[in-house]
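Enquirer: This structure is in structure tokens; I'll ask about it shortly.
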Amino acid sequence: MKDIIYVTGHKNPDSDSICASIAYAEFKNKVGDSKVIPLRQGELSRETQFILDFWGIEKPLLLTTMKLQVSDLEFDRIAPVQPEISLKMAWSIMKKNNVKTLSVVDDNSKLKGIVSVSNLTSTYMDIWDNTILAKSNTKIENILDTLSAKSIFLNEPDPSFPGKIVIAAMLPSSAEEHIDAGDVVICGDRQDTQSMIINSKASLMIVAGNHAVSDEIVEMAKISGCSIISSPHDSFTASRLIVQSIPISYVMVSSDILKFSTTDYVDDIKDVMLKTRFRSYPVVDNDNKVVGGVSRYHLISQKKKKVILVDHNERSQSVDGLEDAELLEIIDHHRLGDIQTGYPIYFRNQPVGSSCTIIASIFFENGIRPSKKIAGLLSAAIISDTLMFRSPTTTQTDRDILKTLAEITCIDPEEFATKMFKVGTSLEGKSVSEIFNQDYKVFALSKLKAGVSQVTTMDIDGFDPMKSEMLDYMNKKAKDENFDLLLLLLTDILKGGSQLFVAGPSKDLVSKAFAVTLVNDSAYAPGLLSRKKQVIPPLTSVIQELNQ
């Protein structure tokens, strides 16, 4: 089985983050032996959804944690069994798959009970009940299979056996005293004994030793209503095996069953296992259908999830549970953050306008031409992150790479940009929470906790009715989540500047960093387009000056 590697961008993903995840996953799948899966850490913006729809690509899987889950373990994926199967069959399945417990399900694959080795052995270790076939409602199919028997005559398609189990190993006159109507009787080839059994109204006669049964006896059985089967085993073996024909539903545990879901975290199930003593625990999927069983052994052999980060390298922006994963690579174009590893990894960081510029370069450096769809994603992300080269983060590398990609996609970047920005920058129908969080990142600036959101628009005046509500939302968020500073950049692509909205106890830092005067916690900053290059560096410098 191939190793699974996940590629993910940052939380509250923008187009560059999503497109980078998808594109780099395709590259890794082309050059490696592992199965590489792109992920997303939140819902898509309108712009990103437009890009994926335009190129006919499905959105990545939403997986917001790298914490190990039950689904990541190599647990026993043994098919569950039906309650009607015999103890013998259950034992055979356990031996074949080297497991000690089986899950029992109903016709809808929902958990009904569990049966373990101890349940099977208790049938022998406890005082034997010779009416167990009646009590357990054992089917003839189970008896035939368990005794390797063949049917001679069945009184009805599904006969019942209400009596006890008797071995007729004595003279007919003596055996008759022990046989009652409805009993199951094991006998040999003596015809006088067979006649006596039938006349005693036994429900089933088991002829041991694979002996033939005369036509006369069969006719008697038809009249009396006694079923007859023939087994190759001797009387002793048949009597020993027949108890294994009872259905597992008779011995299974059906109440207070402790089970785990595939989405449960391993850390959580460890605690449960420490407090209980079961050999194995059923595992169910999201539909509550049984998919296997997990035991303590599987926790010992657990493997960490493998992950590659793109378009970020700060822990606060990254997938939850990153500390529990094996970090393999980072591809980014931002400042160096605070993610640390205990071993060397491949880390590529370039001062370009888009992570997808780097990923496209990786394709070309390895002599690989991206598919038309992936080239389209890479192009769209470069256009988005550089604001069609209006952003100061734009480099000649971005321009050159986009030109090469445009030749593959056969699209005009300017025309595509107009369509994309028109769809992506519309704020119509969005709440202030949706607007603020659609491209929002958290930063650790010295000892200050800051959050910076950036929203691009082609109609900055259309935001005016939301200003008051947005500031109320930001002030509440700053207070509830202990932010020193929250900043929203409403970036006007056409005018080439941003309207700033600020909240938090350290909001005066914005005035110093950008040389603007805040009026009602808002100000316009001409030429300010890049969060990465024009927002974080000035704020960091001001904070450092104040700390000196």
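Enquirer: Please list, in chain and number order, the residues 5+ apart from LYS112 or on another chain whose amide H is under 5 Å from its amide H, with Hs placed from the backbone.
Expert: Distant-sequence amide H within range of LYS112: VAL104, VAL105, ASP106.
Enquirer: Multiply the residue separation of LYS95 and ASP158 by 0.36 nm, subtract the distance between their alpha-carbon atoms, and state the gained length in nm to one decimal.
Expert: Working: separation 63, 0.36 × 63 = 22.68 nm, distance 2.95 nm.
Separation in residues times 0.36 nm, less the Cα-Cα distance, equals 19.7 nm.
Enquirer: Hand me the trypsin sites (Lys or Arg not before Pro) from the stretch 367-436 located in a DSSP loop with no more than 15 other Cβ atoms within 10 Å, in residue order please. Walk me through the intermediate numbers first.
Expert: Working: sites: LYS372, LYS373, ARG390, ARG399, LYS403, LYS419, LYS422, LYS430; in loops: ARG390, LYS430.
Here the sparse-neighbourhood loop sites are ARG390, LYS430.
Enquirer: So, one more: Tabulate in residue order the Karplus-calculated ³J(HN,Hα) for the stretch 530-542, using 6.51 cos²θ - 1.76 cosθ + 1.60 with θ = phi - 60°, rounded to whole Hz; enter x for Gly and Pro.
Expert: With the stated coefficients, the stretch 530-542 comes to 10, 5, 5, 9, 10, 10, 5, x, x, 5, 4, 5, 4 Hz.
Enquirer: Could you rank the peptides 108-114, 283-289 by their average count of other C-beta atoms within 10 Å per residue, with the highest value first?
Expert: On the way: 108-114: 17.9, 283-289: 14.9.
In descending order of packing, they fall as 108-114, 283-289.
Enquirer: OK, next. Between TYR6 and residues 5 or more places away or on another chain, which pairs have amide H atoms under 5 Å apart, with H built 1.01 Å from N, and which residues are they?
Expert: ILE37, LYS306, VAL307, ILE308
Enquirer: Straight-line reach from LYS222: which lysines have Cα under 19 Å away, leaving out those fewer than 8 places along the same chain?
Expert: Within reach: LYS150, LYS201.
Enquirer: For the stretch 493-502, in order, what is each residue's ³J(HN,Hα) by Karplus, 6.51 cos²θ - 1.76 cosθ + 1.60 with θ = phi - 60°, in whole Hz (x at glycine and Pro)?
Expert: Along the stretch 493-502, the couplings run 5, 6, 7, x, x, 9, 7, 9, 10, 10 Hz.
Enquirer: Now a separate question. How large is ³J(HN,Hα), in whole Hz, for each residue of the stretch 313-325 in order, when computed from phi with the Karplus curve 6.51 cos²θ - 1.76 cosθ + 1.60 and θ = phi - 60°, using x for Gly and Pro?
Expert: Those phi angles translate into 8, 10, 4, 5, 9, 8, 4, 5, x, 4, 5, 8, 9 Hz.
Enquirer: Name the residues whose placed amide hydrogens come within less than 5 Å of the amide hydrogen of GLY292, ignoring near sequence neighbours (fewer than 5 apart) on the same chain.
Expert: VAL283
Enquirer: What distance in nm separates the simple spin-label points at ASP320 and GLU414, each placed 7 Å from Cα in the Cβ direction?
Expert: 4.6
Enquirer: Gap in Å between the Cα centre of the stretch 406-442 and the Cα centre of the stretch 249-264?
Expert: The stretch 249-264 and the stretch 406-442 have Cα centres separated by 49 Å.
Enquirer: Step through the table entries LYS441/LYS476; LYS67/LYS96; LYS112/LYS164, compare each Cα-Cα distance with 22 Å, and write down the pairs that go over it.
Expert: Numbers: LYS441/LYS476 17 Å; LYS67/LYS96 33 Å; LYS112/LYS164 28 Å.
Long pairs (Cα-Cα over 22 Å): LYS67/LYS96; LYS112/LYS164.
Enquirer: Continuing with the same structure: For a Förster distance of 25 Å, can you work out the FRET efficiency between the beta-carbons of LEU274 and THR65, rounded to the nearest 0.05?
Expert: Details: r = 22 Å, r/R0 = 0.89.
With R0 = 25 Å, the Cβ-Cβ based efficiency is 0.65.
Enquirer: With +1 on each Lys and Arg Cβ and -1 on each Asp and Glu Cβ, and nothing else charged, work out how big the dipole of the chain is about its Cα centre, in Debye to the nearest 20. Display every interim value, and only then the final one.
Expert: Values: 60 positive and 70 negative charges, 271 e Å.
Roughly 1300 debye for the chain.
Enquirer: What are the lysines whose alpha-carbon lies under 20 Å from the alpha-carbon of LYS372, with same-chain residues fewer than 8 places away excluded?
Expert: Excluding near neighbours in sequence, the set is LYS28, LYS30, LYS59, LYS403, LYS419.
Enquirer: For the stretch 41-55 and the stretch 189-234, compute the distance between their C-alpha centroids and round to whole Å.
Expert: Each part's Cα centre sits 75 Å from the other's.
Every number in this text was worked out from the coordinates using simple rules, so none of it is lab data. Please read these numbers as outputs of a predicted model, since none were measured by experiment. All Cβ positions, glycine included, derive from the backbone under ideal geometry; neighbour counts span all protein chains shown.
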